[in-house]
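Every read-out reported here was derived from the displayed coordinates using simple, explicitly stated rules and does not represent laboratory data. Because the structure is predicted, anything quoted here is derived from the model rather than measured. When we count neighbours, we look across all protein chains shown, and the Cβ atoms used for this are built from the backbone with ideal geometry, even at glycine.
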Amino acid sequence: MIISPSGTKKFGILTAGGDCPGLNAAIRGVCRAAYNRYNMKALGFAYGFRGLVEGRARVLNPEDFSGILTQGGTILGAGREKPFRAASAKMDIRRPDSEIESDKVAAIKENYARLGLDCLVILGGNGTHTTGYLLAQEGLNVLGLPKTIDNDIVGTDRAFGFSSALAIATEAIDRLHSTAQSHSRVMVIELMGHKAGWLALYAGVAGGGDVILIPEIPYDIKAIGRHLEERAGSGKSFSIVVVAEGALSIEEKKMDKKERKKYRALIPSSAYRVAREIEAETGMETRATILGYVQRGGIPSASDRVLATRLGAAAAGLLARGEYGRMVTLSGSEISSVDLSVPANKVKNVPLDHQMIDTAVCVGTCMGI
Ligand code: F6P
């Protein structure tokens, strides 16, 4: 039932950055609500901003956004193209980067106008919303939906993708428990989270990790060693150490970028680095697991499906009212929205006084210090 004339008649939609479970549920949420309630037309761009630069768009008909609620990945394809970032010299060595960039932005503006779009709906994380904000500064109408398994977008309490990744990571930790116990080993598991440790913190608590290491708290290997030895001394023959991929030691924190890069080139993965340090510190037999892209694959959790659908339907409402330049958000239990400048150019880190850190410590988990 069409209940109101629409401020937006035609919009483009794309999924940018790394993919995550819930993208298709969100595409469905936006497009169904926009089509059913407001009679809008949707154009889907392929592979994120790359499709927008290249003008690779297709009309999305109801059959395109039907039957995709439970599917992982994205029917549009994802991509890490950042049209405002200095392009790689490899792309065209004859021209300065700034020229390549402005070519891309000009191409986007041209395609937006040529295709007759009233708004561009972008589904992505921090980088995507930074690009969205800059495109809005260039005069485009833009709306954002927050997705990422890292849950590190400023302005929303939660991004979709996080809940699914949390369930996958928790199951992996559960499965490591039994083999850790059988062999009386220390098991180190690395979860995604380059800059922010939300996933490691939550999965670590959900899976009963004995040590949780996140980028926000540089760790002291001696403190970890003491904790593991105390556990062993109290009869616990095994331990689980949950490490965010961006976790770093106190010593590493003191290094400058160049030094750290050199140090990390020896062992690029944080799980293997920490495992080696634990063995050297305690002599305990230690194994490392990197969960990797499994965390971003497969069907979305029920909670992500609900969140993505709610955010999508709310975005369609903003489209209808012509309220552009915003990112739809979850605030408490309510769906709301913030100006695109709020998430742009920022990362939502775990605050050191976050309740969850205290909760972890209360139940006996070592946070690396
Ligand atoms: O942004 C989500 C994320 O999963 C990060 O945690 C991770 O560092 C990154 O993507 C890696 O993704 P890709 O290899 O696709 O660039």
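Summary of values
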| read-out | value |
| --- | --- |
| Among residues of region 165-196, those that are assigned to a strand (DSSP E or B), of a type in the set (A, V, I, L, M, F, W, C) and within 16 Å of the ligand (Cβ to nearest atom), counted | 2 |
| Filter pass, Ala25 being assigned to a helix (DSSP H, G or I), in contact with a Lys or Arg (Cβ under 6 Å, 6 or more places away or on another chain) and in contact (Cβ under 8 Å) with a residue 12 or more places away in the chain | yes |
| Residue pairs meeting the criteria (Cβ under 7 Å; at least 6 apart or on separate chains; first part of a strand (DSSP E or B), in region 120-139; second of a type in the set (D, E, K, R)) | Leu123/Lys147; Gly124/Lys147 |
| Glu245 vs. criteria surrounded by fewer than 19 Cβ atoms within 10 Å (Cβ to Cβ) and either touching a Cys at 6+ places or on another chain (Cβ under 6 Å) or among the acidic types (Asp, Glu) (or both) | no |
| Qualifying positions in region 28-80 - part of a loop (DSSP other than H, G, I, E, B), within 16 Å of the ligand (Cβ to nearest atom) and charged (D, E, K, R) | Arg80 |
| Matching option when the condition is of a type in the set (Lys, Arg) and under 27 Å from Ser182 (Cβ atoms), among Arg260, Arg310, Arg296, Arg226 | Arg226 |
| Residue in region 2-52 that is surrounded by the fewest Cβ atoms within 10 Å (Cβ to Cβ), counting only those that are under 28 Å from the mean Cα position of the chain (by Cα) and β-branched (Val, Ile, Thr) | Ile13 |
| Which listed residue is among the small types (Gly, Ala, Ser), within 15 Å of the ligand (Cβ to nearest atom) and surrounded by fewer than 24 Cβ atoms within 10 Å (Cβ to Cβ), from Gly161, Gly127 | Gly127 |
| Condition broken by Glu229, with the remaining ones in (1) assigned to a loop (DSSP other than H, G, I, E, B); (2) within 19 Å of Glu277 (Cβ to Cβ) satisfied | (1) |
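So that you can scan it fast, the table gives a plain yes or no per residue for (1) in contact with a Ser or Thr (Cβ under 9 Å, 6 or more places away or on another chain); (2) within 16 Å of the ligand (Cβ to nearest atom); (3) not basic (Lys, Arg):
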| site | (1), (2), (3) |
| --- | --- |
| Trp198 | no, yes, yes |
| Ala203 | yes, yes, yes |
| Ile224 | yes, no, yes |
| Leu228 | yes, no, yes |
| Ala232 | yes, no, yes |
| Val243 | yes, yes, yes |
| Gly246 | yes, yes, yes |
| Glu252 | no, no, yes |
